[in-house]
Amino acid sequence: MTTTTRPPITQRQRAVYDFICKRYAETGSGVGVREISESMGAVSPGASYCHLKYLEQRGYVRRTPGRANSILPIVEVSDGD
């Protein structure tokens, strides 16, 4: 079995990641920083951006620069165990 283990994330980062996954499952499209900020209780977009940057560096999400609502979850896949 081959499974890539991603670095652990904080509770707040997990909440952001879970929100992104939920919205993607519901709509089939990505989310924006403002939506994430609102889901976190109107935290500043800067704080949301910091969480996103960390999640992207650790392989949890991907973004397309210059595109609105382009934050998508990266789903970890194992080879069928």
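Relative to the dominant Cα principal axis of the chain, helix 11-27 is inclined by about 90°.
The computed P(r) over Cα pairs in 10 Å bins from 0, in percent for the structure shown corresponds, within (1) 19, 63, 19, 0; (2) 18, 52, 24, 5, 0; (3) 19, 58, 22, 1, to (2). The modelled label-to-label distance for the pair residue 74/residue 9, using points 7 Å beyond Cα in the direction of Cβ, is 1.1 nm. If I fit a long axis through the Cα atoms of helix 45-57 and take the longest principal axis of the Cα atoms of the chain, what angle between them do I get, 0 to 90°, rounded to 10? Tilt of helix 45-57: around 20 degrees.
Heavy-atom surface analysis with a 1.4 Å probe gives the chain a carbon and sulfur content of 51 percent of its accessible area.
Run the helix sum for the chain: -39,500 (n - 2.57) per DSSP H stretch of 4+ residues, divided by residue count, reported at 222 nm to the nearest 500 deg cm²/dmol.
On the way: 3 runs with 37 residues, N = 81.
Counting only the DSSP helices, I get -14500 deg cm²/dmol.
For the chain, the solvent-accessible area of protein heavy atoms averages 66 Å² per residue (probe radius 1.4 Å; ligands and nucleic acids excluded). One decimal place: the segment residue 62-residue 49 gains 3.4 nm when fully extended, by the rule 0.36 nm per residue minus the C-alpha distance. In the complete set of protein chains, residue-level accessible area for residue 75 is approximately 100 Å², probe 1.4 angstrom.
The values are calculated or read from the model by the stated rules, or taken from the named source; none is laboratory data. Since the model is a prediction, treat every value here as computed from it, not as a measurement. All Cβ positions, glycine included, derive from the backbone under ideal geometry; neighbour counts span all protein chains shown. With ligands, DNA and RNA removed, areas are computed over all heavy atoms of the protein, side chains included. Shrake-Rupley method; radii C 1.70, N 1.55, O 1.52, S 1.80 Å.
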